[in-house]
Amino acid sequence: MVQPVKTSRRTILFAVIAAVVVLVAVGAVLLTSVQRPAEKIKIEWWDEWGEARLKWAEEMKAAFEKQHPEVEIVIVEFSSDEEFKTKFEASIAAGQPPAVFRTLGGGVLKSYVDGGHVEDLTDLLNEDWAVKQIPRAMLRQSTWGGRHYAVPFDLWVGHFYINRELFQKAGVEIPPITKAWTWDEFKEAIKKFKAAGIIPIAVGGKDKWELSFYYMYLVDRLAGSDAFRKTINRAPGYSFTDEHWIKAGYLFKELVDLGAFQEGFIGASYDEAQNLFFTGKAAMWLQGPWILGDLFASFPDFPIDIINFPIVPGGKGDPTMLLGAVQHHYAIAKNIPASVKKYAYEFLRFITREESMVRYAELSKAPLAQNVKVPTEQYPEVLMKVIESASRASWLQMAYDEYSPPKFAQVHLDSLAAVAAGTMTPEQMAEAQEAAARELHQQGVLPIEQV
């Protein structure tokens with residue numbers, strides 16, 4: 001016969017306490033799981049935005065996060081191109097690159113590709129929608145070895161943006177867009193603006209690339225559109241010490257000595273130059289159409305117009321040539337977690353939808369590098385003039401500091417700033433550029449392409 005087991009009150013009490021402890025522990029776990037939702041996947045999106053494009057980015061962030069609540073788009077803004085490059089290179093070195101980032105393509109992007117830091121987007125850009133929407137010619141700045149590494153968004157071309165009212169005040173006639181001033185006419189206009197107490201040209205010399213615009217135009221006006229491409233790619237018989245490179249330096253210095261730019265321009269930022277032009281203190285600003293979104297956002301009735309860079313007597317260059325290229329591309333970093341990369345691809349597809357691109361054009365006032373029909377009413381009159389001018393151009397010259405390898409670009413920019421400051425002669429600048437190009441050639445970095 002089985003005897004019943006006697007259980008003391010103390011044993012029962014311990015059992016009850018143990019059960020309560022277990023229930024409390026389970027409850028705590030459940031409560032914790034309720035209070036701590038799964039961490040969102042973060043997609044860092046880096047660019048040097050500007051007010052108008054930042055508004056577009058914020059709209060894209062909100063719309064994508066609504067569709068994908070498990071994702072957080074982190075928009076990171078930079079105040080200058082130089083800051084962007086410095087922080088981007090630091091992020092690569094630290095092994096923490098942004099998932100999606102802006103690039104201008106060219107030699108700078110190629111250096112990141114060669115370093116194994118950029119995702120190959122060839123499959124993405126060969127999807128049906130991309131083949132239909134993105135012209136293959138627009139991929140040239142971001143394609144090497146038949147592989148594509150970035151999605152092009154918009155185009156830029158360089159003109160003098162001018163304030164019509166200041167031209168009228170100084171008694172300077174505005175040349176038609178189909179005709180450029182001669183160099184002497186350009187200098188006479190500068191003198192008239194100065195006599196009227198108006199800054200002839202705003203320029204932000206601190207980041208140096210604005211200074212480069214003048215040098216690039218002068219080289220092209222003097223020697224033609226093949227000069228830079230053949231010289232940087234080490235074509236036989238071409239050198240940065242050739243006469244036209246030196247003469248371009250002296251013509252640039254002539255503008256400096258004439259007082260064409262505002263006082264202290266060498267240390268002035270892009271934003272300071274923008275402020276001078278936007279607030280009606282400077283008559284001209286040599287820029288691309290990226291300025292228009294911010295201009296019309298703050299000054300919708302600004303008396304804006306464009307004129308061409310002047311021609312140089314005896315020069316070989318075609319005066320219809322413009323500085324220009326694909327401006328903004330977006331790329332994906334290669335060395336990021338797979339879960340992040342998956343959504344980075346989805347985000348890139350999302351911001352490249354036709355409706356996203358139309359909104360981009362509406363806010364940025366930039367001509368698109370894609371086959372997306374934008375209602376013409378979305379573009380201001382001056383932008384239509386920019387597009388028409390670009391359609392007549394014999395050549396679009398990509399910026400030297402973007403086409404070139406980073407080491408040459410830095411020598412070019414630093415040397416030109418030194419010429420502006422009077423601490424280097426144009427001859428010394430030419431020699432410095434040639435020395436940098438020779439070294440890169442010996443290292444196998446140049447040529448970038450065969451010419």
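Below, the figures for the structure above:
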| item | result |
| --- | --- |
| Stretchable slack from Arg164 to Gln410, in nm (0.36 nm times residue separation minus alpha-carbon distance) | 85.0 nm |
| Where N is the number of residues in segment 322-368, Cα Rg divided by 2.2 N^0.38 Å | 1.43 |
| Where labels lie 7 Å past Cα in the beta-carbon direction, separation of Glu89 and Ser391 in nm | 4.1 |
| Rounded to 10°, Cα long-axis angle of helix 406-421 versus longest principal axis of the chain | 50 |
| Set of segment 266-298 residues, backbone N closer than 17 Å to the point 7 Å along the Cα-Cβ line of Ser80 | 266-276 |
| Built amide H within the under 5 Å cut-off of Val203, gap 5+ | Gln262 |
| In degrees, nearest ten, helix 354-364 long axis to first principal axis of the chain (Cα) | 50 |
| The chain: angle of helix 183-195 to the longest principal axis, Cα-based, in degrees nearest 10 | 80 |
| Contour excess over end-to-end distance, with Cα ends at Glu188 and Ala62 and 0.36 nm allotted per residue | 40.2 nm |
| Dipole magnitude of segment 280-359 about its Cα centre (Cβ charges: Lys, Arg +1; Asp, Glu -1), debye to nearest 20 | 500 |
| Gain on full stretching of the segment that runs from Trp129 to Glu263 - 0.36 nm per residue minus C-alpha separation | 43.2 nm |
| Cα centre as origin, Lys/Arg/Asp/Glu Cβ charges: the chain dipole, Debye | 1480 |
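Where a number appears in this text, it was derived from the coordinates with a stated rule and is not lab data. Small disclaimer: the values here were computed from a predicted structure and weren't measured. Glycine also receives a Cβ, built like all others from the backbone with ideal geometry; neighbour counts cover every protein chain displayed.
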